[in-house]
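Structure incoming, see below.
Taken together, the values in this text are just the output of simple stated rules run on the coordinates, not laboratory data. This is a predicted model, so every value here is computed, not measured. Don't worry about glycine lacking a Cβ; one is built from the backbone with ideal geometry, like all the others, and counts go over all protein chains shown.
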């Protein structure tokens, strides 16, 4: 861990207090698990007070079967590439995540992709519409309950007008099984 990052963590603890649910250090990377309420303050503090000028990515996880179901993940870095910080917050299906566009313009497309693929809404986003799928598409393809065989579509002039191309493919998933590892896709006929 860099000396600068070692100074950042105590400052974040002081600023966020109980908003930090846990801290993880693994292979020199630091992750703070936050409450959803603490996330906006944490992002603003990282940008304005600690100098994390870059929002590298916003991604999401689907913990299908758990509550809260989703998790958003922010990858932050300093411009000189000496510091990297990961912030995570769990999100229920009925919650939205406050936008970070006012902090980083790069948040625009990242948030739209998370909305489009996972269905996690971002409150106060100025243009929250699909970025990869077409408007009106009723599903969220990266959710674990989205079937690998795809869903039928009547949409003409699209690359695939039948069931999505994974139909009959080598992987299957069992969404009703207990435990995250057992729900992951695996080779067909593998127990």
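Using Cα-only point scatterers and the Debye equation, what is log10 of I(q)/I(0) for region 3-140 at each q in 0.16, 0.18, 0.21 Å⁻¹, rounded to two decimals?
Here log10 of I(q) over I(0) equals -0.82, -1.02, -1.33.
Modelling each spin label as a point 7 Å along the Cα-to-Cβ direction, I'd like the residue 14/residue 124 distance in nm, to one decimal.
Distance between label points: 2.6 nm.
What nm distance separates the two modelled labels at residue 81 and residue 109, each placed 7 Å from Cα along Cα→Cβ?
Here the modelled spin labels are 2.0 nm apart.
Want the number for residue 67 to residue 7: 0.36 nm per residue separation, take away the alpha-carbon distance, what's left?
On the way: separation 60, 0.36 × 60 = 21.60 nm, distance 3.35 nm.
Between residue 67 and residue 7, full extension yields 18.2 nm more.
Starting from the 7 Å offset along Cα-to-Cβ, what nm value, one decimal, do you get for the label separation of residue 22 and residue 133?
So the label points at residue 22 and residue 133 sit 3.0 nm apart.
Rounded to the nearest 5, what % of DSSP beta bridges with both residues in region 3-140 are antiparallel?
On the way: 22 of 29 bridges.
Percent antiparallel among DSSP bridges in region 3-140 is about 75.
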